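In what follows, a single structure is set out as structure tokens and then discussed.
The values are calculated or read from the model by the stated rules, or taken from the named source; none is laboratory data. These numbers come from a predicted model, not from an experiment. Glycine also receives a Cβ, built like all others from the backbone with ideal geometry; neighbour counts cover every protein chain displayed. Surface areas here come from the heavy atoms of the whole protein model, side chains and all, with no ligands, DNA or RNA. Shrake-Rupley method; radii C 1.70, N 1.55, O 1.52, S 1.80 Å.
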Amino acid sequence: MNADSRTRLDQMPEWSALARHREQAGEVRLRDLFAADPGRGGAYTLQVGDLHIDYSKHLVTDETLRLLRQLAAARDVFGLRDAMFRGEKINTTEDRAVLHTALRAPRDAVVEVDGENVVPKVHEVLDKMAGFADRVRSGQWTGHTGKRIKNVINVGIGGSDLGPAMAYEALRAFTDRDLTVRFVSNVDGADLHEATRDLDPAETLFVIASKTFTTIETITNATSARDWLLTGLKAGQEAVARHFVALSTNAGKVADFGIDTDNMFEFWDWVGGRYSYDSAIGLSLMIAIGPDRFREMLDGFRIVDDHFRTAPAESNVPLLMGLLGIWYDDFHDAQTHAVLPYSHYLSKFTAYLQQLDMESNGKSVDREGHRVDWQTGPVVWGTPGTNGQHAYYQLIHQGTKLIPADFIGFARPVDELEPGLAAQHDLLMANFFAQTQALAFGKTPEEVRAEGVPEELVPHKTFRGDRPTTTILARELTPSVLGQLVALYEHKVFVQGAVWNIDSFDQWGVELGKVLAKRVEPALTEGAEVPGLDGSTKALVAKYRELRGR
Ligand code: F6P
């Protein structure tokens, strides 16, 4: 860690320079910026892999970007990046390396953790996954009664669910449509019930995904799934081996559960849960799309890894996106960040990013344990367009809050759409372009009046504009493009954590709730006296027991 990163961020001259710049620039109007530089639309664009990035509709000038890059340089963001890629233990509170990038490294790469090259074992697991996925897809892998597997149920939560579930939705057009693939995460029994109620246990494979194999929701659901299977098959424990596989770092716990460790697909403590869906955690996805498509997705991740590692600051897209976020978070008081994909297939993309971003950068002490006096990670939210347009876009357009947004769209619909449905794509994308235009440039009172609007309605129909957006456009949503998008956001989050000087790779904030849930449960089930329970929770528990009929 270089000395600068130990300087309080808000005491750095580069930080003060940005604050001064923000103050001096006053109100920046996008109409003015475009009038002053008609070429801005073409100039403020970057390309990474298949992704065309337009950042012209941001409240920034060349000077803003220069100052932001200066801040990144002073925080040695690229130094920390190199340390991450080298396998150094940059997750200091857990004393772990952060090496999701090794999951997509080519076979001949060398990435060492504690003196051991981890790349061979990454590929060993990928090959084992591919062999298994092929056997399931071809019908060679059968259930206990000899029937072909037709249903795959992934049981996991957080990073062991959101990534594969999101990617399965995103790549549906590339999946084997004869397979039913479902994702169960919620400890609410309704989730497993709905996922299994119409399935034949003899044709069902459970993929138990848990890095630690101790997560209470997952182990509870996995146990219930095993009961469902054995009851349905009228079989004993010996049936488990053909119907349960595990994705985990914890072989001991997997064996304790009764899963043959030959049917365990391993990963390692240097893969964070929210960075894990391109590891063994992606097995359900690989079964759905096949190993070749999965490898294409990994290639996509790698394109952006290489770009992030080597592109100069001026054209480094994750760096730019991270810095733009900091500009709004810390210098414009923005509290949230919307991610708005104009693709039905990306319906789970923002939910996935919520964990990636908010579990990583939802921190309020710096790496040295001091409370930060600056804003860290934003609230990330959003759903696919155009649905949001008819729900919450009103607030983005005319509300009192500044909400920077990423718009993600594709030039072509997926190949399998019927011609009539494919034709709807232009309408979808017309909305995509219209929204960022309206958000940026709004509508002046003069323009409203010119339409003959009565004076009393003019303020209501005026749009201020200056709502900043990034447009991310690609030709089509392929496995590679999905990998590129995910890696882009992974590295954006990294950049922000590096500037804010926080550990983006731990998640201590989720522990307290887990511990308290364990303590409270006996109060619900047995009415047990829980020492130290506060008055509010005590009264609520009593009400719960009354309503539950206990
Ligand atoms: O509670 C948060 C968390 O630890 C996440 O970071 C993780 O993705 C999730 O729980 C699931 O953990 P596991 O894969 O160990 O079951």
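Brief remarks follow.
- Within the stretch 56-104, the set of residues being aliphatic (A, V, I, L, M), in contact with a Phe, Trp or Tyr (Cβ under 9 Å, 6 or more places away or on another chain), over 14 Å from L319 (Cα atoms) and part of a helix (DSSP H, G or I) comprises M84, A102, L103.
- Candidates F213, F183, F206, filtered to the one that is among the aromatic types (F, W, Y), in contact (Cβ under 8 Å) with a residue 60 or more places away in the chain and in the same structural domain as H144 (by the TED database): F183
- Output for the stretch 180-216, where each listed residue is open to solvent by 20 Å² or more (accessible area, probe 1.4 Å), within 16 Å of the ligand (Cβ to nearest atom) and in contact with a Gly (Cβ under 9 Å, 6 or more places away or on another chain): F183, S185, K211, T212, T215
- Residue within the stretch 186-204 that is at pLDDT 95 or above and closer than 21 Å to Q507 by Cβ present: yes
- Some residue of the stretch 438-460 being buried (at least 21 other Cβ atoms within 10 Å of the Cβ), within 16 Å of the ligand (Cβ to nearest atom), touching a residue at least 24 places away in the same chain (Cβ under 8 Å) and in a helix (DSSP H, G or I): no
- Across the stretch 149-166, the qualifying residues are those that are assigned to a helix (DSSP H, G or I) and more than 10 Å from the ligand (Cβ to nearest atom), and the one among them that is nearest to the chain's Cα centre (by Cα) is M166.
- Selection over the stretch 507-549 of residues that are within 16 Å of the ligand (Cβ to nearest atom) and surrounded by fewer than 17 Cβ atoms within 10 Å (Cβ to Cβ) gives a count of 11.
- Of all the residues in the stretch 238-267, those that are among the charged types (D, E, K, R), modelled with pLDDT of 95 or more and either within 16 Å of T215 (Cα to Cα) or open to solvent by less than 10 Å² (accessible area, probe 1.4 Å) (or both) number 1.
- Taken together, the criteria place D299 among residues that are more than 30 Å from A25 (Cβ to Cβ) and touching a Ser or Thr at 6+ places or on another chain (Cβ under 7 Å).
- Residue within the stretch 257-271 that is within 16 Å of F494 (Cα to Cα) and within 16 Å of the ligand (Cβ to nearest atom) present: yes
- Residue within the stretch 39-59 that is under 25 Å from the mean Cα position of the chain (by Cα) and among the acidic types (D, E) present: yes
- Matching entry among D415, D466 (being farther than 28 Å from E27 by Cα and among the acidic types (D, E)): D415
- The single condition from (1) closer than 17 Å to Y55 by Cα; (2) buried (at least 23 other Cβ atoms within 10 Å of the Cβ) that E314 fails is (2).
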